[in-house]
Amino acid sequence: MKSVLVIGLGRFGIHLIRQFHAHGDEVMAVDLDEEKIHEITPYVVSAKIANCAKEETLRSLGVRNFDVCFVCIGENFQSSLEITCLLKDLGAKKVISKATNEFHAKFLKRNGADDIVYPEKYSAEKIATKYSVDNVFDYIELTDEIAIYEVPVITAWIGKSIIKLDVRNKHKLNILAIKKGDDIQPMPGAQYVFEKDDHLVVLGHQRDVEKVLKLIK
């Protein structure tokens with residue numbers, strides 16, 4: 001379970017909150033619009049009507065305590081930039097800022113954003129999964145419960161083959177490919193031996209993937 005701060009309750013911010021709530025994460029929401037705050041009350045543990053462009057406001061939220069902070073302000077780029085910068089200055093662990101174009105993204109990155117999201121390109125469901133579940137590098141949803149995930153190799157698997165570990169039967173995962181940097185080896189054979197820094201592209205149920213990720217040390 002993650003602790004998430006979402007600043008800005010536009011369409012994207014609201015969808016994001018609902019998806020984190022579905023993952024069982026604890027979300028705090030902040031916006032200037034009282035009606036929007038009331039709309040998302042069932043999906044958050046805390047909500048506040050406030051202007052986050054003010055340092056004292058962000059300081060009062062205790063931003064250091066959140067696993068990830070989302071800046072979802074789309075219409076006022078200046079505010080988005082200021083809030084992103086203030087979050088990092090106040091010690092936020094991870095700041096993810098919404099951008100509408102590459103130009104905005106560059107400035108947000110220069111001012112402290114750890115990552116940039118483009119709602120037009122990526123669904124709120126995908127982003128919530130990526131930042132809710134540790135060690136998921138990428139994610140493609142096939143159904144509500146089944147998806148393809150890019151995850152790191154499990155430490156205990158290094159030096160062992162797919163057939164020896166019996167990944168499919170023991171962990172209920174199908175290994176579709178092995179990624180080594182920019183190189184991809186599709187459909188690795190049963191004798192493939194896992195190596196350090198491998199990324200595994202696996203197909204499986206979300207609960208089974210999360211069980212395996214708990215084995216990472």
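Here, each number is a calculation from the coordinates, and none is a lab measurement. Keep in mind the model is a prediction, meaning the values are calculated, not measured. Counting neighbours? That spans all protein chains shown, and the Cβs are built from the backbone with ideal geometry, glycine included.
Okay, here's what the table says:
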read-out: For the chain, share of DSSP beta bridges that run antiparallel, in % to the nearest 5; value: 50
read-out: Magnitude of the charge dipole, the chain, Cβ model with Lys/Arg +1 and Asp/Glu -1, debye to 20; value: 740
read-out: For a label point 7 Å along the Cα-to-beta-carbon line of Ala156, residues of region 171-214 with backbone N under 13 Å; value: 171, 211-214
read-out: In nm, spacing of pseudo-spin labels at Arg168 and Asp115 (7 Å Cα→C-beta vector); value: 3.1
read-out: Helix 11-22 vs. the chain, principal-axis angle (Cα, 0 to 90°, nearest 10); value: 50
read-out: Two-site FRET efficiency, Arg59 against Glu141, from Cβ-Cβ distance with R₀ of 41 Å, rounded to 0.05; value: 0.65
read-out: Cα gyration tensor, region 29-107 - rounded (a/c under 1.5), prolate or oblate; value: oblate
read-out: Cα-based shape type of the chain, given that a ≥ b ≥ c are square roots of the gyration tensor eigenvalues and the cut on a/c is 1.5; value: prolate
read-out: Using alpha-carbon coordinates, inclination of helix 77-89 to the longest axis of the chain, degrees; value: 70
read-out: Per principal axis, descending, Cα span of region 55-176 in whole Å; value: 55, 28, 24
read-out: FRET E, pair Ser46, Arg11, Förster distance 30 Å, beta-carbon r, rounded to 0.05; value: 0.90
read-out: Relative contact order for the chain, counting Cα pairs under 8 Å that sit 6 or more residues apart, in percent; value: 15
read-out: Average Cα contact separation per residue, region 11-118, under 8 Å, 6 or more apart, as relative contact order %; value: 19
read-out: Estimated [θ] at 222 nm from DSSP helical runs (n ≥ 4, -39500 (n - 2.57)) normalised by residues in the chain, nearest 500; value: -9500 deg cm²/dmol
